Structures are given as structure tokens and as C-alpha cells.
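Nothing in this text is a laboratory measurement; each read-out follows from the coordinates by a stated rule. Keep in mind the model is a prediction, meaning the values are calculated, not measured. Virtual Cβ from ideal backbone geometry, glycine too; neighbours counted across all protein chains shown.
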Amino acid sequence: MKRIFGIAILTILMACNQVDKKSTVKDSTKTDSLTVKNEVSIKDKQKSEIFSQYVTLKDALVKSDSAAAQKSASHLQTSLAAYKGCEPTAGVASKIAASNNLVSQRKDFTVLSADLIALLKNAEIEKGTIYVQHCPMANKGDGGDWLSTEKEIRNPYYGNEMLECGRVAEEIKSK
């Protein structure tokens, strides 16, 4: 009886040890794939600048920094106003810049993102990939999309509350 009990304990310990080793391998692989920097280059300089400013705004919302979001949205608003056809979207960026309320900024970010996704789907990307990401829980369950230069999910709608909530819905790649 002692022998059977000893073998059972040994088997459990060995099985647990194997699970730990497997998860360590997966974690290091995940980290390696996430550390690869994706540089995006867009042929149209104005679209490139708009995208860069948008990413800065998105990152401010990820950090839940309403002051940085205001500043980024202000720069983005100026660039959008100068791009023919983007005047209504510039108005949305202006609303984000005028508010210091994160909930309000994030709600307007949904509209801004939808407009910029449409704009950048037709952009001539010379290098890199733009990821269209989606959070089904954003906006009280209505969902929300955003653009990112990284495949890793960093949710601008919830920040640290649900940083990794979402998925990559689409990839916009160079042609």
C-alpha cells in the first residue's frame, strides 16, 4: 500500500513539473513575439502624420491619462482639419481635446477610430502592418475598434481595468 501511495505521489509531482516547464516555454515564446517592433510607413505624409498622432492618443487612453489624451487629440485635430474630407473627424478629435473626462474621451474615440480605420484601409502602406483591434465589451457592450502598430492588445477603452480585452479583427498590410 505504501508503495502504491509513493508511486502516485511521484507521478503527480512529475506531472506538475512537466506542466510548469511547458508554461515557461510558452511564456518566453509569447514575450519574444511581442517584443518585435513593427514600424509602419505610409506613403502619404499627411496620413502618416495623422496615424502617428492617433497612436499617441490611443496610448494616452491606454494609460488612462486624460491630460495627455487632450494634448494628443489637439495635435490630431489640427492634422485632420488640414486633410481634405476629414473635417468632421477633426471635430470629433476637437471634442476629445476639449474634455478631461476619460469616459467621454473614450466614447468619442470610438467614432474617431471608425473614421480613421476607413481612411487608412485605403492608405498605401510601404512597410509594416496596422492592426485593427476590437473590444466587444467597449461602449456598454456595443463594442469598439481601434488601430495599433502592435499585435499585442492594449485596450484604450478600459486601460488597466481590462488591458488585454480584445482581439485583432483585421490587418492592414503593405501591398
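So here's what we get for this one:
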{"read-out": "Burial ordering of 55, 92, 103, fewest other beta-carbon atoms within 10 Å first", "value": "103, 55, 92"}
{"read-out": "Integer Hz, Karplus 6.51/-1.76/1.60 couplings in order for the range 154-167, x for Gly and Pro", "value": "9, 6, x, 7, 10, x, 5, 4, 8, 4, 9, 6, x, 8"}
{"read-out": "Karplus-derived 3J(HN,Hα), 6.51/-1.76/1.60, for each residue of the range 58-67, Hz, glycine and proline x", "value": "4, 5, 5, 5, 4, 7, 6, 9, 5, 5"}
{"read-out": "Computed lengthening from residue 121 to residue 87, 0.36 nm per intervening residue step minus Cα-Cα distance", "value": "10.4 nm"}
